[in-house]
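This report refers to the structure that appears directly beneath it.
The values are calculated or read from the model by the stated rules, or taken from the named source; none is laboratory data. Just so it is clear, the model here is predicted, and its values are computed rather than measured. All Cβ positions, glycine included, derive from the backbone under ideal geometry; neighbour counts span all protein chains shown. When the accessible area is computed, the model is the full protein with side chains, heavy atoms only, and any ligands, DNA or RNA have been set aside. Shrake-Rupley method; radii C 1.70, N 1.55, O 1.52, S 1.80 Å.
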Amino acid sequence: MILVDFDRTLYRRDSLLEFTRYAVGTRRWFWGIVRLMPILITYRLRLREGAATKALWLRYFFGGWPAATFQAMGKSFALHEIDHHLNPTLYHYLKTQHDSTIVIVTASAAAWIEAWAKREHFQLLATGLKYDDGKLTGELEGANCTGPEKVRRVNLAYDLNQYTTIEVYGNGRGDRELLRLAKTV
């Protein structure tokens, strides 16, 4: 089994930022960042929780978007943009592991990664998004898939005792707990 974080590990950038820019255009993305700057600064200073910051970002840029439009934009991003910013060494290694269960475990939303993961035959555990009356609310569905939540989701989805080897790749502070799942015989 191979567990891989997505943002800044397999994907060399922050996919939420890149997807937003793709979906709304550079001009709206830039001015949105300017407008949200006080909130982003408090997040970077660790005075604001990541899940709350992510929800605010999603509400600001995507709140009220029809689900079908948002999901189509996510699929388009996944299939046309992700390949441009992959970590080539890690990606090529994963593609040689034909007998392994490869799971992307990410705080990013499935909406803009899932189509790519399916095409690559990777499994995906990601943050969910809430929809109401067919529109994106900007709220998270359940917990943000980071830190201990990554481990919880892996344990819910897989019986780790069935794997003699578990490789884990992640380099962010939200991956510390996930890295502890690594084991070899």
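Among Leu79, Leu136, Ile41, flag the residue with its Cα farthest along the positive direction of the charge dipole of the chain, charges on Cβ as +1 for Lys/Arg and -1 for Asp/Glu.
Ile41
List the lysines whose Cα lies under 26 Å from the Cα of Lys95, skipping any in the same chain that are fewer than 8 positions away.
Partners within reach: Lys75, Lys118, Lys150, Lys183.
Placing +1 on the Cβ of each Lys and Arg and -1 on the Cβ of each Asp and Glu in the chain, which of Trp65, Ile166, His92 has its Cα farthest towards the positive end of the resulting dipole?
Farthest towards the positive end: Trp65.
Note down the magnitude of the dipole of the range 47-162 about its Cα centre, charges +1 on Lys and Arg C-beta and -1 on Asp and Glu C-beta and zero elsewhere, to the nearest 20 debye.
On the way: 12 positive and 12 negative charges, 28 e Å.
Here the range 47-162 has a charge dipole of around 140 debye.
Hey, what did the chain get for relative contact order, percent, Cα under 8 Å, at least 6 apart?
Numbers: 268 pairs, mean separation 53.5, N = 185.
In percent, rounded to a whole number, it is 29.
Which residue fluctuates most in the GNM of the chain (Cα springs below 10 Å): Ala107, Ala126, Ala68?
Result: Ala68 has the largest fluctuation of those listed.
Using Cα pairs under 8 angstrom and six or more residues apart, how large is the relative contact order of the range 72-142, in percent? Can you show the working numbers first?
Values: 77 pairs, mean separation 20.6, N = 71.
Computed over the range 72-142, the figure is 29 percent.
Over the Cα atoms of the range 55-141, compute the convex hull volume and normalise it per residue, giving Å³. Walk me through the numbers on the way to the answer.
Numbers: hull volume 8.3 nm³, N = 87.
Cα-based convex hull of the range 55-141, divided per residue, equals 95 Å³.
With the other protein chains left in place, how much accessible area per residue, in square angstrom, belongs to the range 1-113 at a 1.4 angstrom probe?
Details: 5680 Å² over 113 residues.
Normalised by residue count, the accessible surface of the range 1-113 is 50 Å².
Using DSSP, restrict attention to beta bridges with both residues in the chain and report what percent are antiparallel, rounded to the nearest 5. Could the numbers behind the result be given before it?
Working: 7 of 18 bridges.
If we restrict to bridges inside the chain, about 40 percent are antiparallel.
Over the chain, with a Gaussian network built from C-alpha contacts below 10 Å, which listed residue (Ala72, Ala55, Ala111) shows the highest mean-square fluctuation?
Highest fluctuation of the listed residues: Ala72.
Amide H to amide H, which residues 5 or more places from Ile102 or on other chains are under 5 Å from it, using H placed in the peptide plane?
Ile2, Gln123
Can you give the charge dipole size of the range 1-58 about its Cα centre, rounded to the nearest 20 debye, using +1 on the beta carbon of Lys and Arg and -1 on the beta carbon of Asp and Glu? All intermediate terms of the calculation are to be shown ahead of the outcome.
Numbers: 11 positive and 5 negative charges, 54 e Å.
I would put it at about 260 debye.
Per-residue ellipticity at 222 nm for the chain, helices alone: DSSP H runs ≥ 4 residues times -39500 (n - 2.57), over residue total, nearest 500 deg cm²/dmol? Don't skip to the answer; put the middle values down first.
Details: 8 runs with 84 residues, N = 185.
Taken over the chain, the calculation gives -13500 deg cm²/dmol.
Determine the share of the range 132-185's accessible area contributed by carbon and sulfur atoms, expressed in whole percent, with a 1.4 angstrom probe.
Using a 1.4 Å probe with all protein chains present, the range 132-185 comes out at 47 percent carbon and sulfur.
Treat every Asp and Glu Cβ in the range 139-185 as -1 and every Lys and Arg Cβ as +1, leave all other atoms uncharged, and give the resulting dipole magnitude about the Cα centre to the nearest 20 debye. Before the final figure, lay out each step's value.
Numbers: 7 positive and 7 negative charges, 46 e Å.
Roughly 220 debye, rounded to the nearest 20.
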